[in-house]
Each structure stands twice: as C-alpha cells, then as structure tokens.
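Comments concern the structure below.
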Amino acid sequence: MKIYITRHAQDDDSVRGGWSENSLTDLGVLESNSLADELSKNQNSYDIGKIYSSDLLRARQTAEIISDKLSVGVEYISGFREVNNGALAGMDNLLADEKYPHFYWRKLDWNEHYPNGESPKEFYERVCNTWAKFIKEVSSFDQNVLLVTHGGVINTIKCIISKTEYSNGNKYQGIPSAKIAMEIEI
C-alpha cells in the first residue's frame, strides 16, 4: 500500500498563507487539473482508492478537482493544515511586514507563538500526532491513497519518516505545487 503526498496547487503568494482561506489562482486550477489528468491517465499504476486533504480552501480545491477526475471520495483532516499563523493568516505581505516585522517562521523560537496562532513546537507535535493516526487508519487499505496538504506539513513528514530532527529554523527544500512530492510504501 502506498501513500502519495502532494502540495496544494498555486495560491496567492502576495498574502501570508498559514491558516488563510485564500483560493487557488487561475494557474493553480490549471495545475490541479494537470495533476488530476496525470493521475487519471495512470490510475492503473497509482490505484488511488481514497483522497485525504487538509481542510483549508486551497488544499480542498486541489483535492476536489482530483476527486472529480478520479471519481474517488475525499476526507478532510484539519490536523494536516499548514502552521496556524493566527493574526497573519491571509494578511497582505507588506502589511504583515509592517504590523508584525519580527514574525517569520524561521525566526520564531521553538515555543514562540504567532499572534493568536501556534508555536513551531505545537505545529510539529500536531503534524506528528496526525501522521501517526493517519498511518494507523490507512495501513490496512488494499488501495493506495493520496494526501493533499501543505509545504510545511510535507517537510515535517519528511523529517518524521527519515527520523531526522525537525526545526523551524532549518531551510527546507521548497515543495512544488500540484506534483507528487512523496511516495511512501507502508
């Protein structure tokens, strides 16, 4: 059984992401359709029987486009949301820089919270707990699954799987949008 993991398609990068409810851009819709076409065309190889997704809009939209193409249901898991950046969620980047000049993910202390949001430690623990429950749930499936989530979540899952230390201070590899970023056999 395999888990395929993808990052949601392109959203508006002129605003802060995190728990924002920004929708996909026109390019993001095209990217989602392109991935959906690829998965559909090769469904014999991918054999995706269920889609799981973060419940934030950009991930939901990506998952729903794929779901429609594959005729496969989607289940939403809030634990696979990006970091809760609280007051900065969806805020224009220039305004965020002005109002919250010191709140950047890589500069936060491990226990430091975004205003009305979560700390890197809380984010990491949430993703770890959600991943453990997810693996337990899908491990008995006879078909593969697709998980649609966010770049920060994918980088965290990579650390969990490789058993490497996670730190928000590390610069992680960028995760391309609407591409299979990971394939995990369990």
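Using 0.36 nm per residue and subtracting the Cα-Cα separation, the extra length available between Ser23 and Asn170 on full extension is 50.1 nm.
Estimated from helices alone, the mean residue ellipticity of the chain at 222 nm is -12000 deg cm²/dmol (sum of -39500 (n - 2.57) over DSSP H runs with n ≥ 4, per residue). Excluding ligands, DNA and RNA, the accessible surface per residue across the chain is 49 Å² with a 1.4 Å probe. Taking each of Lys50/Lys171; Lys50/Lys179; Lys41/Lys133; Lys99/Lys163; Lys2/Lys107; Lys41/Lys121 in turn, the alpha-carbon distance tops 29 angstrom for Lys50/Lys171; Lys41/Lys133; Lys99/Lys163; Lys2/Lys107; Lys41/Lys121. Between Glu38 and Ile161, the FRET efficiency from the beta-carbon distance, with R0 = 25 Å, is close to 0.60.
The share of accessible area on the chain that comes from carbon and sulfur is 46 percent, using a 1.4 angstrom probe. Inter-label distance, Ile186 to Glu112: 3.4 nm, where each label sits 7 Å from its Cα along the C-beta direction. By how many degrees, between 0 and 90 and to the nearest 10, does the Cα long axis of helix 57-70 differ from the longest principal axis of the chain? With rounding to tens, the tilt is 10 degrees. When Rg and the Kirkwood radius Rh are both evaluated on Cα atoms of the chain, their ratio Rg/Rh stands at 0.97. Taking the DSSP beta bridges with both ends in the chain, the antiparallel portion is around 35 percent.
For Asn129 and Asp92, a Förster radius of 41 Å and the Cβ-Cβ distance give a FRET efficiency of 0.80, rounded to the nearest 0.05. For the stretch 5-36, the residues whose amide N sits under 18 Å from a probe point set 7 Å from the Cα of Lys179 along the beta carbon direction are 5-11, 27-36.
The values are calculated or read from the model by the stated rules, or taken from the named source; none is laboratory data. What you see is a predicted model; the values in this text were computed from it and never measured. Cβ coordinates were reconstructed from backbone atoms using ideal geometry, including for glycine residues, and neighbour counts include every protein chain displayed. Remember, those area values only see protein heavy atoms, side chains included, never the ligands or the DNA or RNA. Shrake-Rupley method; radii C 1.70, N 1.55, O 1.52, S 1.80 Å.
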